[in-house]
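Only one structure is covered here, and it is reproduced in the block below.
The values are calculated or read from the model by the stated rules, or taken from the named source; none is laboratory data. A quick note: this is a predicted structure, and the numbers were derived from the prediction, not measured. FYI the Cβ positions are ideal-geometry reconstructions off the backbone, even for glycines, and counts take in every protein chain you see. Keep in mind that these areas ignore ligands, DNA and RNA; they rest on the heavy atoms of the full protein, side chains included. Shrake-Rupley method; radii C 1.70, N 1.55, O 1.52, S 1.80 Å.
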Amino acid sequence: MTKTTTAPETRLRRLLALATASREAVELEWESEKRERIEHQVSMAIRVAIDQTYCTFPDALARVVQDDDWAGYPALYIDGIDHEWAIAPYAVTYLDEGIWLHHTLVSQPGFLPDGRWALIVPCVCGNYREVAVSDDYLLARELQHIDDHRDVCFGDCTPNSFAPAVDRLAVTASPEGAAS
């Protein structure tokens with residue numbers, strides 16, 4: 001039988017144990033706060049998109065897109081800085097035929113945040129392009145233009161790196177994996 005020798009309980013060992021437990025508790029609290037912040041950003045992005053859909057697109061989009069069709073995503077931060085967004089929280093909804101509607105808030109110093117709407121449209125070249133819309137009239141015009149020119153690449157597409165994110169959204173918003 002082997003005897004295990006343990007170091008005697010010194011003040012330093014006791015301090016180390018207490019400091020480690022304290023650090024672990026703080027890190028758990030940070031993780032909890034991060035989860036709550038993400039959940040809040042996601043629900044806020046969806047809520048704002050729903051509200052602004054009714055205000056901005058009352059005659060068309062508001063009649064087609066249901067509240068539970070939206071999927072929200074949290075902000076992406078600049079180099080881990082928790083108060084500087086590289087991308088603000090946003091919401092998307094799938095409109096069918098490969099087309100997504102993206103909504104986010106953009107702010108400018110001295111102004112209230114304003115809704116920014118864009119159709120994310122697949123291109124024949126395999127990339128995606130972003131088409132800004134701001135009301136029912138422009139939505140109708142742009143959707144007609146997209147429908148009339150599905151087989152044309154205008155050269156204003158996003159890089160290939162954008163497509164996997166859109167493909168990932170297609171999986172989360174498909175009927176099989178309905179967005180929450």
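Quick check on this structure: which one of SER43, SER22 is part of a helix (DSSP H, G or I) and free of Cβ contacts under 8 Å to residues at least 12 places away in the same chain?
On the way: SER43 fails: free of Cβ contacts under 8 Å to residues at least 12 places away in the same chain.
After ruling out the rest, the residue left standing is SER22.
Limited to segment 87-114, what total is found for residues that are out of contact with any Pro (no Cβ under 8 Å at 6 or more places or on another chain) and open to solvent by 70 Å² or more (accessible area, probe 1.4 Å)?
11
Can you find even one residue in segment 68-86 that is open to solvent by 70 Å² or more (accessible area, probe 1.4 Å) and either part of a helix (DSSP H, G or I) or at pLDDT 95 or above (or both)?
yes
Report, ordered by the first and then the second residue, all pairs with beta carbons closer than 9 Å, sequence separation of six or more or different chains, a first member in segment 91-103 that is outside any strand (DSSP E or B), and a second member that is open to solvent by 50 Å² or more (accessible area, probe 1.4 Å).
GLU97/ASP147; GLU97/ARG150
Go through (1) open to solvent by 70 Å² or more (accessible area, probe 1.4 Å); (2) at pLDDT below 90; (3) farther than 21 Å from ASP68 by Cα and name the single condition VAL171 misses.
Going through the list (1) open to solvent by 70 Å² or more (accessible area, probe 1.4 Å); (2) at pLDDT below 90; (3) farther than 21 Å from ASP68 by Cα, VAL171 breaks only (3).
Looking only at residues that are in a helix (DSSP H, G or I) and either within 16 Å of GLY98 (Cα to Cα) or of a type in the set (A, V, I, L, M) (or both) in segment 126-144, which one is least open to solvent (accessible area, probe 1.4 Å)?
Among residues in segment 126-144 that are in a helix (DSSP H, G or I) and either within 16 Å of GLY98 (Cα to Cα) or of a type in the set (A, V, I, L, M) (or both), the one least open to solvent (accessible area, probe 1.4 Å) is LEU139.
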